[in-house]
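Asker: To start, I am sharing the structure in question, which I have written as structure tokens.
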Amino acid sequence: MTPNALTLRSAPRLAVLPVPRRRATLGSGLVARGRLVRRLTEVHDLALALLVAPAGYGKTTTLLEWAQHDERPFAWVALHRADDDADHLRGSVARATAPLTGRGRDFVLVLDDVQVLRSRGAIDVLAALVEDPPEGAQLVLASRCEPPLPLGRLRAHREVLDLTPRDFVMTRGEAAALLELAGAELTAADVDALVRRTEGWPAGLYLAAVSLRDQPDAAAAVARFGGNDRIVSDYVADSLLSELTAEEVTFLQRTAVLDRLSGPLCDAVLLESGSAERLRDLARATALVVPLDRTDEWYRYHGLLAQMLRAQLRRREPQLEPELHRRASRWHADHDVDAAIRHAAAARDVRLAGDLLWANAFRYIPQGHNATVRRCM
């Protein structure tokens, strides 16, 4: 991760990255992702490597580091909007691979920013590449969301390496190195706090370092840092929310009052239908919408995203926030009384909170939940 890694594109749009004559070392300001590079270099025999994570997780920098350590040349295609056309995409791939095909040696074909491919024709070309890559090529796809490809057979035969946001999350050691290189002088406790706060999101850690620079009290600044920090909210808006529709952004903003989300709960809070499908689509579009199970039922928002969205809601629709909490409280009354009381309190609806507490106090107290009752009161 470099100081300007949020916009790094070191590889040209169409390029052959040659075999390194020696083991290249990372330049100044880069944090090595050796554990990820090792996973990539160890799978020469796999047909496909799929790297899926939102902006700011370091997909491109990891691939460039891999190219420094692999004995094979890399054919690199940084996809643009123009490639969302079948013929244009075929031409881009052909020009990048022409110097390497038919030479009797293996190489790596990288298609970066695959999320720009949306047309049926371009997706068909991509699927054909997956099924029948150029001779000697290992195909690598890097995307902000999983491409709509039929990968079930390849996965069943263990012919795909999947790297997801969970893999790109920074370890504590990587985070400490990044923060130090970015100019933030922090204690071990402060580093741990930021790793928890950012959930290891590399971009979030770098933004934290930028936000903390020149702060006289680093510990206090760490305690204040969150998704409502202007530098974080600007990055999330520019790099993540800008790719969503206005309706999707409104959905995120209004449901950010919830700690956990499901389709029926969001329907009740928004007074509309179709939330389950929208949550599923958003989870596939950005890993900052985190599934909590394998059945596409419950989700949560990444902590920084949730804070940013709640601050946005208070600025843009302050009169709506209490009503959203009130609706959430009524839905939870039949499912999770503690959550119902919390939402009633957040709505500052004393009558609703009191009714819920009175209706459940005699259940709480015999079960030894006196502290819960005192907290609610």
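Asker: Which fully enclosed helices (runs of 4 or more DSSP H) of region 233-290 have 3 or more residues being under 17 Å from ARG314 (Cβ atoms)?
Answerer: 246-255
Asker: Quick one: in region 125-157, which of the residues that are among the basic types (Lys, Arg) and without any contact (Cβ under 8 Å) to a residue 40 or more places away in the chain is surrounded by the fewest Cβ atoms within 10 Å (Cβ to Cβ)? Outline the logic, then answer.
Answerer: Of all residues in region 125-157, those among the basic types (Lys, Arg) come to 144, 153, 155.
Then drop every residue that is not without any contact (Cβ under 8 Å) to a residue 40 or more places away in the chain, which leaves 153, 155.
Working: ARG153: 10, ARG155: 12.
By that ranking, first place goes to ARG153.
Asker: Might you let me know whether region 116-134 holds any residue that is among the charged types (D, E, K, R) and touching an Asp or Glu at 6+ places or on another chain (Cβ under 7 Å)?
Answerer: Checking region 116-134: at least one residue is among the charged types (D, E, K, R) and touching an Asp or Glu at 6+ places or on another chain (Cβ under 7 Å).
For every residue, the table says whether it meets (1) among the β-branched types (Val, Ile, Thr); (2) touching a helix residue (DSSP H, G or I) at 6+ places or on another chain (Cβ under 8 Å); (3) under 28 Å from TRP201 (Cβ atoms); (4) at pLDDT 95 or above.
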residue: LYS59; (1), (2), (3), (4): no, yes, yes, no
residue: THR62; (1), (2), (3), (4): yes, yes, yes, no
residue: ALA67; (1), (2), (3), (4): no, no, yes, no
residue: ASP85; (1), (2), (3), (4): no, yes, no, yes
residue: ARG95; (1), (2), (3), (4): no, no, no, no
residue: ARG105; (1), (2), (3), (4): no, no, no, no
residue: VAL125; (1), (2), (3), (4): yes, yes, no, yes
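Asker: Would you confirm whether any residue within region 323-343 is in contact (Cβ under 8 Å) with a residue 40 or more places away in the chain, in a loop (DSSP other than H, G, I, E, B) and within 27 Å of the chain's Cα centre (by Cα)?
Answerer: no
Asker: Another one. Please determine, by comparing only the residues of region 232-291 that are loosely packed, with under 15 Cβ neighbours inside 10 Å and among the hydroxyl-bearing types (Ser, Thr, Tyr), which one is nearest to the chain's Cα centre (by Cα).
Answerer: Applying the filter and picking the extreme gives SER242.
Here's the yes/no breakdown for (1) at pLDDT below 95; (2) under 27 Å from SER329 (Cβ atoms):
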site: ARG213; (1), (2): yes, no
site: ALA218; (1), (2): yes, no
site: ALA223; (1), (2): yes, no
site: ALA268; (1), (2): no, yes
site: ARG284; (1), (2): yes, no
site: ASP293; (1), (2): yes, yes
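Asker: Let me confirm something: among THR97, THR101, which residue is at negative phi and crowded, with 20+ Cβ neighbours inside 10 Å?
Answerer: Checking each option against the conditions leaves just THR97.
The values are calculated or read from the model by the stated rules, or taken from the named source; none is laboratory data. All values reported here derive from a predicted model rather than from experimental measurement. We place every Cβ from the backbone using ideal geometry, glycine too, and count neighbours over all the protein chains shown.
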